[in-house]
1. Rounded to the nearest whole Å², what accessible area per residue is found for the range 227-321 with the 1.4 Å probe?
2. For the range 105-183, max minus min Cα coordinate along each principal axis, in Å, sorted largest first?
3. Which pairs in the list K262/K311; K55/K100; K128/K279; K150/K186; K231/K261 are over 21 Å apart, alpha-carbon to alpha-carbon?
4. Per residue of the range 9-22, what does 6.51 cos²θ - 1.76 cosθ + 1.60 with θ = phi - 60° give for ³J(HN,Hα)? Whole Hz please, x for Gly and Pro, Karplus curve as stated.
5. Sort 15-26, 197-208, 301-312 for me by packing, meaning the mean count of neighbouring Cβ atoms within 10 Å per residue, highest on top.
6. For the chain, give the percent of accessible area contributed by carbon and sulfur heavy atoms, probe 1.4 Å, rounded to a whole number.
7. Quick one: Cα centre-to-centre distance for the range 221-293 and the range 143-178, in angstrom?
8. Select from G184, T219, M133 the residue farthest towards the positive end of the dipole of the chain; place +1 on Cβ of Lys and Arg, -1 on Cβ of Asp and Glu, and compute about the Cα centre.
Amino acid sequence: MISPSNVGVDIGRTLKPHEYIGMVRRDEVLDAYLRERAAEAGATVINGLFLKMDKPEARSGGRYKIYYNHYEKGSVNGEKREMEVDAVIGADGANSRVAKSIGAGDYDYAIAFQERVKIPDSKMEYYKDLAEMYVGDDVSPDFYGWVFPKCDHVAVGTGTVTHKSEIKQFQAATRLRARDKIEGGKIIRVEAHPIPEHPRPRRVLDRVALVGDAAGYVTKCSGEGIYFAAKSGRMCAEAIVEGSENGTRMINEADLRTYLKKFDQTYWPTYKVLDILQKVFYRSNPAREAFVQMCADEYVQKMTFDSYLYKRVVPGNPLDDLKLAVNTIGSLVRANALKNEMSKVAL
Ligand SMILES: Cc1cc2nc3c(=O)[nH]c(=O)nc-3n(C[C@H](O)[C@H](O)[C@H](O)COP(=O)(O)OP(=O)(O)OC[C@H]3O[C@@H](n4cnc5c(N)ncnc54)[C@H](O)[C@@H]3O)c2cc1C
């Protein structure tokens, strides 16, 4: 974790030998692995672009009619096809057409920008077991910039909700902060995509449910969405299997709502805590300095990683919690004093 004044704190010191934060290459590796595993488990995988669907009331038989473009392997020309299904899980990302087709409503979103950079092997060695998060007004007014290892190259990126039109300027600043470590690198791919800021107003309607980014499950502060996409997909599928009594009964909206209830009950505290952390610590450079300073504390690291790895807001030790509260307030008071001093200097 690297502060606005480039003070770096190693925040992985309390991790046990079997604990780690995984880095994945979704498009190149992870998604294909998941698709193949689903096929091995009996799913029929169709390479298709969902276009629209007809609801059951408008048709006989009580099934949804899906319209999609079918693509043969390697072909760019889609063939229009239709299919009838009992239930629909929309896992089609931030621009979800399934969400539109049930009038799920919109969410605020951040824009995330990322460059995949092939750096010399000698420099890659540095990032072998390490990811970097940069905070500061220069890299993002409300989020962080990052350098994440992607096996044989790194991803350098940043995000913002409040200043979307300036994203390229923040990206340049992130590159600048990491310049010594990525020098000589070649950009091999550029990615820009919306990231949801909160769940959509509607996530279930009749026998249609949304999961992952389509539903709006990315945490504030850390910007984590892959885990919650996978987890919500699993919970939703389990609700269908259970509600349909292993395929012997037609499910209804109430069955899908059990997935929403379980997901919200399990993860609401995590979303709330990260939302508060972002509001408190990402609002000014002095607050970010205080944040990084706090991250040096072993107790903070343990609490953070326990929450991150096990996705629960873990109750801590009351005495350590009290010390943490005192330290946090102290850091924030210092941050505010520093901010006031800086505005006097600016005047
Ligand atoms: C630059 C960037 C960096 C990020 N970094 C991290 C990170 O470090 N850690 C983390 O946890 N999260 C990160 N996120 C967020 C994370 O990528 C998302 O939360 C996650 O990918 C959501 O998964 P998903 O499957 O719901 O949606 P997506 O990953 O968007 O997948 C949706 C899928 O649906 C397909 N699709 C779309 N429309 C249709 C259609 N009409 N018919 C058929 N298929 C369709 C798409 O092709 C895609 O395969 C990052 C996001 C961005 C943009």
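1. That works out to 54 Å² for each residue.
2. Between the extreme Cα coordinates on each principal axis of the range 105-183 lie 45, 26, 16 Å.
3. K128/K279
4. Result, ordered by residue: 10, 7, 9, x, 5, 8, 5, 7, x, 8, 9, 7, 9, x Hz.
5. Listed from highest to lowest mean packing, they are 197-208, 301-312, 15-26.
6. Of the solvent-accessible surface of the chain, carbon and sulfur hold 56 percent.
7. First find each Cα centre; the distance between them is then 25 Å.
8. So the residue furthest toward the plus end is T219.
The values are calculated or read from the model by the stated rules, or taken from the named source; none is laboratory data. It should be emphasised that the depicted structure is a prediction, and the values quoted were computed from it without experimental measurement. Note that each Cβ is placed from the backbone with ideal geometry, even for glycine, and that neighbours are counted across all protein chains shown. These accessible areas exclude ligands, DNA and RNA; they are computed on the full protein's heavy atoms, side chains included. Shrake-Rupley method; radii C 1.70, N 1.55, O 1.52, S 1.80 Å.
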